[in-house]
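Reading through the structure tokens given below for one structure.
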Amino acid sequence: MDQKPANHFLPLIAAMSPAELEHEIERPSKLQMQQVQHGRSRIDIAYAPFDHVNSGALLAIVGITPGRQQMGNALRECHKHLRAGVDGITALAAAKVFASFSGPMRANLVAMLDEIGVHRLIGVESTASLWTDRSDLAHFTSALRYPVFVDGKNYSGAPDMTRVPVMREQLDTFLADELRALPKAIFVPLGPKVSAALEMAADRAGIDRTRILSGLPHPSGANAERIAYLLGRKPRAKLSSKTNPDKIDAARASITRKIRNMEA
């Protein structure tokens, strides 16, 4: 684990009052890491306690970047542990599991992972246990480890993270280092932009792309129809023009082949 950012920011978090922490979540100042102008957009990167790397994980789930909700959940959980006298490493681990893919996304993610057979591959009854008693098997991360905001809003993929120097730096350092630190893991990127960034970092880190299960829809509510089709809850004939079933079928077939090869 690269603890350099944590070593700087954890004492600041521990010293904050709950009110100060809430202000930092809404408008980071003490927790701001970088601010740059990219074209007409302002890009802000804030610190949140997502540093912990579970090197023994069998599954790594990779989102795009923590949003403000996840950032807030992680900071509140970390703050609670630090104020209770817990050491920094333990506080980081607790905050990471508590906040990662929190909210409605989690139910969608569990359903998709179980549907494609990831639970069997890692030896659990359901991947829901990765957030409870089997958190030891999972590593939750993002292509961009620390929260990125574009003009004050959650970063959702534009501008291209592989082409913006301040974002590319996170991919080339933190993400590539994480991949190297996860020798047993298979990787599930959430969304095509994350898949592209993860594959680029994997090449840099010398990680075999067969360990990357690309193609699942992002578990957000915006992809409800795509998720419903993948799960067999909505038939092809009733899909809107916004959903491409052939693309989902091809991704599922590719993931299934990879899982079967790993089970063999």
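Observations on the structure shown:
- Among the residues examined, ALA48 qualifies as more than 15 Å from LEU130 (Cα to Cα), small (Gly, Ala, Ser) and touching a helix residue (DSSP H, G or I) at 6+ places or on another chain (Cβ under 8 Å).
- If the condition is being of a type in the set (S, T, N, Q), more than 25 Å from the chain's Cα centre (by Cα) and assigned to a helix (DSSP H, G or I), then segment 238-260 contributes no residue at all.
- Count - residues of segment 214-237 that are part of a loop (DSSP other than H, G, I, E, B), modelled with pLDDT of 95 or more and within 23 Å of PRO66 (Cα to Cα): 0
- Only one of ALA91, ALA74, ALA60, ALA14 that is touching a helix residue (DSSP H, G or I) at 6+ places or on another chain (Cβ under 8 Å), under 19 Å from LEU182 (Cα atoms) and either of a type in the set (A, V, I, L, M) or outside any loop (DSSP other than H, G, I, E, B) (or both): ALA60
- Some residue of segment 190-210 being more than 17 Å from the chain's Cα centre (by Cα), assigned to a loop (DSSP other than H, G, I, E, B) and either exposed (fewer than 13 other Cβ atoms within 10 Å of the Cβ) or not aliphatic (A, V, I, L, M) (or both): yes
- Pair list, Cβ under 7 Å, 6 or more apart: segment 103-129 residue more than 17 Å from ILE212 (Cα to Cα), other residue of a type in the set (Phe, Trp, Tyr): ARG106/TRP131
- Within segment 42-55, being modelled with pLDDT of 95 or more, surrounded by fewer than 23 Cβ atoms within 10 Å (Cβ to Cβ) and not aliphatic (A, V, I, L, M) holds for ARG42, ASP44.
- For segment 78-111, the set of residues classified as more than 18 Å from the chain's Cα centre (by Cα), of a type in the set (Gly, Ala, Ser) and surrounded by fewer than 22 Cβ atoms within 10 Å (Cβ to Cβ) consists of ALA84, GLY85, GLY88, listed by residue number.
- Listed by first and then second residue, the pairs linking a residue in segment 222-250 that is closer than 22 Å to ALA107 by Cβ and free of Cβ contacts under 8 Å to residues at least 60 places away in the same chain to a residue that is part of a helix (DSSP H, G or I) and among the polar types (S, T, N, Q), with Cβ atoms under 7 Å apart and 6 or more places separating them unless they lie on different chains, form an empty list.
The values are calculated or read from the model by the stated rules, or taken from the named source; none is laboratory data. Treat the numbers as computed from the prediction; the structure is a model and nothing was measured. Methodologically, a virtual Cβ is constructed for each residue, glycine included, from the backbone with ideal geometry; neighbour enumeration extends over all protein chains shown.
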